[in-house]
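Here the structure is laid out as structure tokens; the discussion comes afterwards.
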Amino acid sequence: MEEKRRLLLEALEEAKKAFEKGEVPVGCVIAKNGKVVARAHNRVEELSDPTAHAEILAIREAASKLGIKALRDCEIFVTLEPCPMCAGAVALAGFKKLYFGTENEKHGAVLTKFFLLEEYKIPWELLRCGECSELLKEFFRKLRREDDEKD
């Protein structure tokens, strides 16, 4: 379990990069045999691309580096429960297992709102990371403050 926590904390470092750029702070790490093969953070605003979620970017990087489209020998670590788009990508990539740090109350597609991975039988685990949750809360508090200042 120590290794899983370490990899989730690496994903959290990616989320912090997104936070600093004004992106929704979500980070993702993909590992094979405990070694990181890809990492990414949200870049939706930076790339003006609604699909530039951390999971999608990391999946593309891992598939490219490994030269395969099926990531069956890999595990994916994300700071936030994936949305429907990302859960679909996780399922289609065929990951060995998904780990995430906190629930996604609004768009969660694994545990909270939708249950997309059940049909694909992709195992998952919530690792409950207070830091993942707090970083998101801090981001949205900051966003609300900025919106209030504009009014």
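The values are calculated or read from the model by the stated rules, or taken from the named source; none is laboratory data. The model shown is predicted, which means the values in this text are computed figures rather than measured ones. Cβ placement follows ideal geometry from the backbone for every residue including glycine, while neighbour counts extend to all protein chains displayed. Please note that ligands, DNA and RNA were not included when accessible areas were found on the heavy atoms of the full protein model with its side chains. Shrake-Rupley method; radii C 1.70, N 1.55, O 1.52, S 1.80 Å.
Numbers at a glance
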quantity: Isolated Cys in the chain, by beta carbon distance under 4.7 Å; calculated: Cys28, Cys74, Cys83, Cys86
quantity: Per principal axis, descending, Cα span of segment 74-151 in whole Å; calculated: 47, 21, 18
quantity: Of all accessible heavy-atom area on the chain, the percent that carbon and sulfur account for (1.4 Å); calculated: 51 percent
quantity: Span per principal axis, largest first, for the Cα atoms of segment 107-149 (Å); calculated: 46, 19, 10
quantity: FRET efficiency estimate (nearest 0.05) - Cβ-Cβ, Glu3 to Lys106, R0 30 angstrom; calculated: 0.50
quantity: Out-of-range pairs (alpha-carbon distance over 31 Å; input Lys96/Lys142; Lys69/Lys137; Lys35/Lys121); calculated: Lys96/Lys142; Lys69/Lys137
quantity: Estimated FRET transfer efficiency when R0 is 35 angstrom, pair Glu118-Phe140 (beta carbons, to 0.05); calculated: 0.75
quantity: The chain - accessible surface per residue (Å², probe 1.4 Å); calculated: 54 Å²
quantity: Trypsin sites (Lys or Arg not before Pro) lying in DSSP loop within segment 87-123, provided at most 11 other Cβ fall within 10 Å; calculated: Lys106, Lys121
quantity: Distant-in-sequence amide H partners of Val26 (H built 1.01 Å from N, under 5 Å); calculated: Asn42
quantity: Proximal charge balance of Lys96 [Cβ under 10 Å; K/R count +1, D/E count -1]; calculated: +1
quantity: Summed residue charge, Cβ within 11 Å of Lys113's Cβ, Lys/Arg positive, Asp/Glu negative; calculated: -2
quantity: Value in Å of the Kirkwood radius, where the chain supplies the Cα pairs that are averaged; calculated: 15.2 Å
quantity: Contour minus Cα-Cα distance for Asp49 and Asp73 (0.36 nm per residue); calculated: 5.8 nm
quantity: Simple Cβ-charge dipole of the chain, Lys/Arg +1 and Asp/Glu -1, about Cα centre, in debye nearest 20; calculated: 580 debye
quantity: FRET efficiency, 1/(1 + (r/R0)^6) with R0 22 Å, evaluated for Leu126 and Glu13 via beta carbons; calculated: 0.65
